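Data first, discussion second: the structure below is written as structure tokens.
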Amino acid sequence: MGIYTRLTSFLPKQSCVLCGEQSTFCVCSECESSLNIINHRCLSCATQLSNDLHFCGECLTHAPNFSRAYALYQYEGSCAILIKKFKFDHQLCIGDFFAHKLQEKYQKIVAEFEGYDAIIPLPLARGRIQERGYNQTHELLRIIAKRSNILVDQKSVTRIKATRALSTLNLEERKCEIQNAFRAQAMSYKKVLLVDDVMTTGSSLNELARVVLKAGVRSCDVLTLARA
Ligand SMILES: [Zn+2]
Ligand SMILES: [Zn+2]
């Protein structure tokens, strides 16, 4: 028995939330391998690309306010099930699993490129936090905050408008709904990383980026767990 096997054999076993098999983490390694990781994405907005270009057509004509976007998984199949269970069924062990994966991704980004002065999670409306009991993005950033020397700034930007659920709206309605939803105090960071759980059209993160740049930040990138 190797040291790793000996060590993991002491870890408490639990059931995988997807298939019910005994597992060290609440997502077993087999179900984890079913999460769709797409490496070829638009450098600017992280949408999946089927050609060998670096940018999608949308970004070539209307570049977003953030410089680069990174995403771990494609928002579909078991990934979408896990995120919904985490967000709406309060299954915090899934948040813990994703927080470790997000930390691994973050380490790769900062090893390859220059680091950031701060991380800014997308602020949720207060009503939504009370409803859920926690802000899921803070849960996702827990391991990064613990293991890296990075400041997770939850104070400089606040949500001043509670928006309707964006998932029910089309792109134009989303843009309109999210406009002026955030307020930022002056910031002296050079480069920040904006973080959210899922990017669908990117309207919220694009608006957050606009507000952050207006508040004095020179450039910002985006990291999300999943990209639709
Ligand atoms: Zn499983
Ligand atoms: Zn793009």
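For the reader, a short list of remarks on this structure follows.
- Residues of region 14-62 classified as at pLDDT 90 or above, among the hydrophobic types (A, V, I, L, M, F, W, C) and over 20 Å from Asp221 (Cβ atoms), total: 9
- Any hit, region 151-163, residues being in contact with a Cys (Cβ under 8 Å, 6 or more places away or on another chain) and within 17 Å of Arg218 (Cα to Cα): no
- Whichever residue in region 38-60 is loosely packed, with under 14 Cβ neighbours inside 10 Å and over 24 Å from Val192 (Cα atoms) and, among such residues, is nearest to ligand 2 (Cβ to nearest atom): Gly57
- Sub-6 Å Cβ pairs linking a first residue in region 84-100 that is surrounded by fewer than 17 Cβ atoms within 10 Å (Cβ to Cβ) to a second residue that is in a helix (DSSP H, G or I) and β-branched (Val, Ile, Thr), at least 6 apart or interchain, are His100/Ile143, ordered by first then second residue.
- Leu208 touching a Cys at 6+ places or on another chain (Cβ under 8 Å) and of a type in the set (A, V, I, L, M, F, W, C): no
- Tabulated pairs, region 16-28, first within 15 Å of His100 (Cβ to Cβ), second within 16 Å of ligand 2 (Cβ to nearest atom) and assigned to a loop (DSSP other than H, G, I, E, B), C-beta under 8 angstrom, 6+ apart or interchain: none
- Being at pLDDT below 95 and either of a type in the set (Ser, Thr, Tyr) or closer than 19 Å to Ala226 by Cβ (or both) holds for only one residue in Ser148, Ser156, and it is Ser148.
- Residues (assigned to a loop (DSSP other than H, G, I, E, B) and within 16 Å of ligand 1 (Cβ to nearest atom)) located in region 27-73: Val27, Cys28, Ser34, Leu35, Asn36
The values are calculated or read from the model by the stated rules, or taken from the named source; none is laboratory data. Fair warning: this is a prediction, and the values are worked out from it, not measured in the lab. With ideal geometry, Cβ positions are generated from the backbone for all residues, glycine too; neighbour counts draw on all protein chains shown.
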